[in-house]
Amino acid sequence: MNISKNDNLNNIDSSIKVISVNNVSSSMNAGKESALVNSKTTSHKVVTDNNGLNEIENINNINNSNITGYSSPHEAKLVKRKNNRDIFTDDSDIFLMKFKNKKLESWNPIYTPNYLLFIYFVAGVVFIAVGVYLFMSSNSIIECEIKYEDSPGGGVTIDTVVEITSENCKPSHIEGKKLMYISGDVYIYYKLYNFYQNNRNYILNRSEKQLNGGIITDKNEISSCYPLITDENDNILLPCGIAANAVFNDTFTVFDGDGDLVDIDDSTETITVYSDRVKYKNPPEEYIRDNNISNWLPEDIFPGKIENPHFIVWMRNSAVSDFNKLYGKLTSNKNKIVLPIKIHIKNRYQCSIFNGSKHIVISQVKWFGGKNPYFGVLYIASGIAMLLFFVFFLVKNKTSISVPGDLRYLYLNVLDNEREYKRGK
């Protein structure tokens, strides 16, 4: 076969072109593989080296320099993301990465009408049941109250005796029988009517620094106590202010129906709360002795002065005008207080100046406190309101033309959102 010279030259030229193209492809593949090896090796060094953010920046720089070794920028970007993810190998790091990217697993309940109806019904029944229990328990608590006469005031003390019988108690009969005694934990209170401790001027008319044991030598430091800052001899009052000077100062002695003395536990731990106890301290004795201080609280009525528990109880302001103040806990070796109860009163406190009245209250106390029907009424009212909501939404759900809470619409909305998202990309 005869082959021309030109044909031989063309064959040689085409073979050279094929070889050169193959060499270029091989070099590109080799560059890509070397870049992958370099990036993986460097990422391994970061994990084992554990030198922090500097190594992570090195990886980013290397990845950026190796972008030219890939067929497209998109492919290089994917490899860079994979290398950065390989850095976080511990479970805690993976959790942190998911948390920062808001990709943690979660459960989002769908509140369909049936679901809400179930919640309203169960909550309504539970609230009514709890309310009925609290209301009946409160009504079963024995509470006795009696009013006693006012004092003429002016520093005069009169002796007053009152007697509490079953007629002064609620309930006065138990299981059809006349109330004969009070058992359990029994506390004694004094009650004032028409005394507004919630008045703003009354609340602010005191010196917290002085009550906390602070040393006051300048009258300007207790200007909040005006006008009761000093006495007639220009001595600083300790304590100063209207609230302290209006302190209740009647004292009680209790005898049961058998004529036996009933002890009254009026210790600081029994009748005060810790948050109040830490706020009331007496100043140093040398401060009172060396300065013109009128430490006027009588020791026989308020032993301990400012730290006296009855004074601390009084200084805790009431939110209403008719209020009880705890005086003490009645303790008897009989484990019950036999009726009738006689109370001997050292009557000093004048309440006619504020058109009020004074009462003594003796009450049982259970795990939820004393006699208070309002909590039970509040629970019952809340339960009835929830059941009314249940009936309203039930009727609306049954009479609605459309299908409320149809989950198919939710799934369709999700699909529409996905389509819009893909279309936007």
Query - Conditions (1) under 25 Å from N249 (Cα atoms); (2) out of contact with any helix residue (DSSP H, G or I) (no Cβ under 8 Å at 6 or more places or on another chain); (3) not polar (S, T, N, Q): number failed by K336 - result: (1)
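Do we have I306 as more than 17 Å from I360 (Cβ to Cβ), touching a residue at least 60 places away in the same chain (Cβ under 8 Å), assigned to a helix (DSSP H, G or I) and over 30 Å from the mean Cα position of the chain (by Cα) here? Before the answer, list the steps.
Details: more than 17 Å from I360 (Cβ to Cβ): yes; touching a residue at least 60 places away in the same chain (Cβ under 8 Å): yes; assigned to a helix (DSSP H, G or I): yes; over 30 Å from the mean Cα position of the chain (by Cα): yes.
Spelling it out, I306 is indeed more than 17 Å from I360 (Cβ to Cβ), touching a residue at least 60 places away in the same chain (Cβ under 8 Å), assigned to a helix (DSSP H, G or I) and over 30 Å from the mean Cα position of the chain (by Cα).
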Query raised in the report: Residue check, W296 against (1) of a type outside the set (G, A, S); (2) within 26 Å of N194 (Cα to Cα); (3) in contact with a Pro (Cβ under 9 Å, 6 or more places away or on another chain), all met but one. Which one?
Result: (2)
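Considering only the range 119-136, I want to know if a residue exists there that is in the same structural domain as V313 (by TED's automatic domain parsing), touching a residue at least 12 places away in the same chain (Cβ under 8 Å) and in contact with a helix residue (DSSP H, G or I) (Cβ under 8 Å, 6 or more places away or on another chain). Step through it out loud before you land on a result.
So the first thing to find is which residues in the range 119-136 are in the same structural domain as V313 (by TED's automatic domain parsing), and the list is none.
No, there is no match, as no residue in the range 119-136 is in the same structural domain as V313 (by TED's automatic domain parsing), touching a residue at least 12 places away in the same chain (Cβ under 8 Å) and in contact with a helix residue (DSSP H, G or I) (Cβ under 8 Å, 6 or more places away or on another chain).
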Query raised in the report: Could you say whether any residue in the range 223-237 is of a type outside the set (V, I, T), touching a residue at least 24 places away in the same chain (Cβ under 8 Å) and closer than 19 Å to N308 by Cβ?
Result: yes
Query raised in the report: What about L330, is it touching a residue at least 60 places away in the same chain (Cβ under 8 Å), not small (G, A, S) and not in a helix (DSSP H, G or I)?
Result: yes
Query raised in the report: Inside the range 232-248, can you point out the residues that are among the aliphatic types (A, V, I, L, M) and in a loop (DSSP other than H, G, I, E, B)?
Result: L238, A246, V247
Query - Test: S294 is among the polar types (S, T, N, Q), over 37 Å from the mean Cα position of the chain (by Cα) and assigned by TED's automatic domain parsing to the domain that holds D150 - result: yes
Report task. Determine if the range 114-137 includes at least one residue that is within 23 Å of N335 (Cβ to Cβ) and outside any loop (DSSP other than H, G, I, E, B). Result -> yes
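The values are calculated or read from the model by the stated rules, or taken from the named source; none is laboratory data. Just so it is clear, the structure is predicted and the values come from calculations on it, not from any experiment. We place every Cβ from the backbone using ideal geometry, glycine too, and count neighbours over all the protein chains shown.
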